[in-house]
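Take a look at the structure set out below.
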Amino acid sequence: MHDNYYPLPGGPVRILAAETPFPNLQQALTEPNGLIAIGGSLTPRRLLSAYKQGIFPWFSPGEPILWWSPDPRMVLFPPALKITRSLRKVIQQQPFELRMNTQFTAVMQACAATPRPGQSGSWITDEMIAAYSELHAMGYAHSMEAWQDGQLVGGCYGVKIGRMFYGESMFHHVSNASKVAFAHLVQWLISQQVGMIDCQMHTPLLASFGAYEIPRDRFIEELTHLVQYDPT
């Protein structure tokens, strides 16, 4: 079967059919940065295959599924987590009850509903929520949740494969709730011997936690080693 490609100003992008493999990462576009494929599906098999190769889905409602592997890549090495003095004080005050994996889908729904600066909508579509909830049921996707007075007020979620974690999104309805949840998530990941957290792209918040950008080649080298610990 001949490969099908969609022409874009930055170059051609492979169109995925049901069984089409992802192209080599060297084929990822530089503009837009990291776009590598279009289409396919959000089945657990496809998602796990993507993450193991350093690829993730990111698209808006009404668009086809877009797959990305940007260069450079924002990462956090868990032992290098930085906690600001002000956040440390909040954590010491214990204003939240921290729970893990009790309301995974609700965390995704809250992330989808949270307005983002410069974004008119959310990339966390109903299709994405259903797909990642399935990964959660399989034991791959996890949520860390901040609760207050019996209400879910903040949290974050992502995908863990072996000793690699892929952070996806976070939200808060109460100040510092998502930051406290993320700090606790990183401590849990350290206990699980996770060696690297994929933060995907640069944000000031992630940088404040100690995340920084590394070349994609180094990211893939680290990832390839860490995902080998996946028992499947």
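What accessible area per residue, rounded to a whole number of Å², is obtained for region 1-83 using a probe radius of 1.4 Å?
49
Can you tell me the dipole magnitude for the chain around its Cα centre, using point charges on the Cβ only (Lys, Arg +1; Asp, Glu -1), in Debye to the nearest 20? Walk me through the numbers before you get to the answer.
Numbers: 16 positive and 18 negative charges, 140 e Å.
For this selection, approximately 680 debye.
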Inset, instruction - Taking 7 Å along the Cα-to-C-beta vector as the label spot, tell me the residue 192-residue 100 distance in nanometres, rounded to one decimal. - result: 0.7
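When the accessible area of region 156-201 is computed with all protein chains present and a 1.4 Å probe, what percentage of it is carbon and sulfur? Spell out each step's value before the answer.
Numbers: 670 of 1450 Å².
Answer for region 156-201 is 47 percent, counting heavy atoms of protein chains only.
Of the accessible area of region 1-145, with the probe set at 1.4 angstrom, what percent is carbon plus sulfur?
Numbers: 4040 of 7600 Å².
With neighbouring chains kept in place, the figure for region 1-145 is 53 percent.
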Legend entry - Label point at residue 220 placed 7 Å out along Cα→Cβ; residues across region 51-93 whose backbone nitrogen lies under 12 Å: 53-55, 69-71
Legend entry - Rough spin-label spacing in nm, given labels placed 7 Å along Cα→Cβ, for residue 80 and residue 92: 2.7
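Over 23 Å between C-alpha atoms is what I'm after, so list which of 82/160; 52/82; 89/179 land there.
Details: 82/160 21 Å; 52/82 27 Å; 89/179 12 Å.
Violating the 23 Å Cα-Cα cut-off are 52/82.
Averaged per residue, what accessible area in Å² does region 127-221 show with a 1.4 Å probe, protein chains only?
Working: 3670 Å² over 95 residues.
On a per-residue basis, 39 Å².
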Inset, instruction - For 188, 68, write out the residues from largest to smallest accessible area, computed with a 1.4 angstrom probe and no ligands counted. - result: 188, 68
Inset, instruction - Give, as ranges by residue number, the residues of region 197-220 whose backbone N falls under 19 Å from the point 7 Å along Cα→Cβ of residue 148. - result: none
Inset, instruction - Quick one: what are the phi-derived ³J(HN,Hα) couplings along region 165-172, Karplus 6.51/-1.76/1.60 with θ = phi - 60°, whole Hz, x for glycine and proline? - result: 10, 10, x, 10, 7, 8, 8, 8
Inset, instruction - Go ahead and run the numbers for FRET between residue 175 and residue 212, Cβ-Cβ distance against an R0 of 22 Å, rounding to 0.05. - result: 0.30
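The values are calculated or read from the model by the stated rules, or taken from the named source; none is laboratory data. Worth saying up front: this structure is predicted, and the values here are computed from it rather than measured. Please note: Cβ atoms are built from the backbone with ideal geometry, for glycine as well, and neighbour counts cover all protein chains shown. Remember, those area values only see protein heavy atoms, side chains included, never the ligands or the DNA or RNA. Shrake-Rupley method; radii C 1.70, N 1.55, O 1.52, S 1.80 Å.
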